[in-house]
Amino acid sequence: MKNNEKKLSGIKQSINDFKSIMTEKIEECNQVFLIAHEKPDFDAIASLGSIALICKKLKKAPYIIINDNFDDLSEEINEMIDKIKEKFIVISVDDYEKNKTDNDLLITVDVNKDFKTALHGKYKQFKNILIIDHHSEDENTIKTKNKLIELNVSSCSEISHYLLNQYKVTSKDTSYYTFLLAGIYLDTNKLNKNKFPSTLDAVSDLISKGADQSKVDDYFALDFESDRRVQYLVDKTIPITTTILISVCNDGEYTKEEIAKAADYALNYKCDATIIAAKMKDGGYGVSARGKGVDRIGIDNIMYILNGGGGNSFNASCPSIYKDSEEIKDEIKDIISFKKIKK
Ligand SMILES: [Mn+2]
């Protein structure tokens, strides 16, 4: 118990330290732009909303950049974005380009890799950048001194919740708390994994502030058609070694989320890792890999060699691949059998 308390105070301490630099940077800039990773999920959207509330409290109405085609995002995500639009301005990268000044601040949430946001290649245009995230850093992490990257938390929503508290920001519109709860539920698979004492504290605080649990359940309700597609991908997995299951699927059209869910699901079987590749709307193959933490298999390294991806021994992926399914399957086999090593 003592150890848990120490951990919790550690998070609060680093958040408190970050608060002063965050306040300073927000106050001294002309405009604040917020961005998350492309194809934003509940955690990303919830974090955008909360950090926007903090900017507003500091009297800097932020611009939230969401450059995705809204039709590609789920109904639930669109509903959340519409809610955020009641209070804040949501813009595209083109809008940003038209309105940028030489003293702008960028805050990235739920992301720290340069290639994962729609501003890739444009970071130098910002005078300052703040990163608020829960993913580990690597050589692709956006260059900035000012970052709050906490690995011992469930999600960026959890960090955002503690930031809201530090700034004493409260919202009459309880949707913002509901979004944070949804973000935490997503990244903990409904509190089944990846949760810390600070996570449970955040959950109980959010519920006491009016986060709507039945709404969160609605967000996670299974879409039947989509779930059938996930199960189809799972059905197609075959053992490629005694410990790795793969599925490369060229029929049907899948979303990144469905591919990730299939990789998660297949990991329930007797194996150390799963790799799922399936065709998406644009003709490319989305790839997700999951592992049980067995480092020697190195799914992150497999993703790196396959198409410049990465991750860790539990969770890895790579950018879409535009080749045919047989070629992809062969390449994965070659990598696993060490026929193909680092480029
Ligand atoms: Mn996240």
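What number, in percent, do you get for the relative contact order of segment 184-280 if the mean sequence gap of Cα pairs under 8 Å and at least 6 apart is divided by its residue count? If you can, show how the numbers build up before the last one.
Details: 98 pairs, mean separation 22.1, N = 97.
Once divided by the residue count of segment 184-280, the mean separation gives 23 percent.
Relative contact order for segment 94-159: 32 percent, from Cα pairs under 8 Å spaced at least 6 residues apart, divided by residue count. So how far apart, in nm, are the two label points at residue 213 and residue 140 if each is 7 Å from Cα heading toward Cβ? With each label placed 7 Å out from Cα toward Cβ, I get 3.8 nm. Measuring between alpha carbons in the structure, the pairs from 12/100; 19/195; 147/193; 19/124 lying more than 27 angstrom apart are 12/100.
Quick check: from the Cα gyration tensor, does segment 32-156 come out rounded (a/c under 1.5), prolate or oblate? Rounded is the answer for segment 32-156, as its axis ratio a/c remains below 1.5. A compact globular protein would have a Cα radius of gyration near 2.2 N^0.38 Å; the ratio found for segment 202-330 is 1.17. Charged side chains reduced to their Cβ positions (Lys and Arg at +1, Asp and Glu at -1) give the chain a dipole of some 1200 debye around its Cα centre.
At a 10 angstrom cut-off on C-beta neighbours, averaged per residue, how do the peptides 136-149, 315-328 rank from highest to lowest?
Packing proxy ranking, top to bottom: 315-328, 136-149.
For the residue pairs 116/333; 57/209; 25/172; 190/256; 113/236; 261/339, the alpha carbons lie more than 22 Å apart in 116/333; 25/172; 113/236; 261/339. Across every pair of non-identical alpha carbons in the chain, the mean reciprocal distance, once inverted, gives a Kirkwood radius of 20.9 Å.
Relative to one another, the C-alpha centroids of segment 83-101 and segment 107-180 are positioned 17 Å apart.
Normalised by the number of residues in the chain, the average gap of Cα pairs under 8 Å and 6 or more apart makes the relative contact order 12 percent.
With helices as the sole contributors, the chain gives -13500 deg cm²/dmol at 222 nm; each DSSP H run of n ≥ 4 counts as -39500 (n - 2.57), and the sum is divided by every residue. Of the beta bridges in the chain, as assigned by DSSP with both residues counted there, near 40 percent are antiparallel. Packing-based ranking of 158-167, 45-54 yields 45-54, 158-167, ordered from highest to lowest mean Cβ neighbour count within 10 Å.
Compute the whole-percent fraction of alpha carbon pairs in segment 300-343 spaced more than 13 Å apart. Write out the running numbers ahead of the final one.
Values: 486 of 946 pairs.
I get 51 percent for the Cα pairs in segment 300-343 exceeding 13 Å.
Let a ≥ b ≥ c be the square roots of the eigenvalues of the Cα gyration tensor of segment 113-231; is it rounded (a/c under 1.5), or, if not, prolate (a/b larger than b/c) or oblate? Walk me through the numbers before you get to the answer.
On the way: a/c = 1.91, a/b = 1.31, b/c = 1.46.
Judged from the Cα gyration tensor, segment 113-231 comes out oblate (a/c at least 1.5, b/c at or above a/b).
An ellipsoid equivalent to segment 257-343, defined through the eigenvalues of its Cα gyration tensor, has semi-axes of 18, 16, 11 Å when rounded to whole angstrom and sorted largest first.
When Rg is the radius of gyration of the Cα atoms in segment 102-171 and Rh is its Kirkwood radius, what does Rg/Rh come to?
On the way: Rg = 12.7 Å, Rh = 12.9 Å.
When Rh is taken as the Kirkwood radius, the ratio is 0.99.
Just so you know, all these numbers are worked out from the coordinates, no wet-lab data involved. Just so it is clear, the model here is predicted, and its values are computed rather than measured. Because the Cβ atoms are built from the backbone with ideal geometry, glycine has one as well, and the counts that use them run over all protein chains shown.
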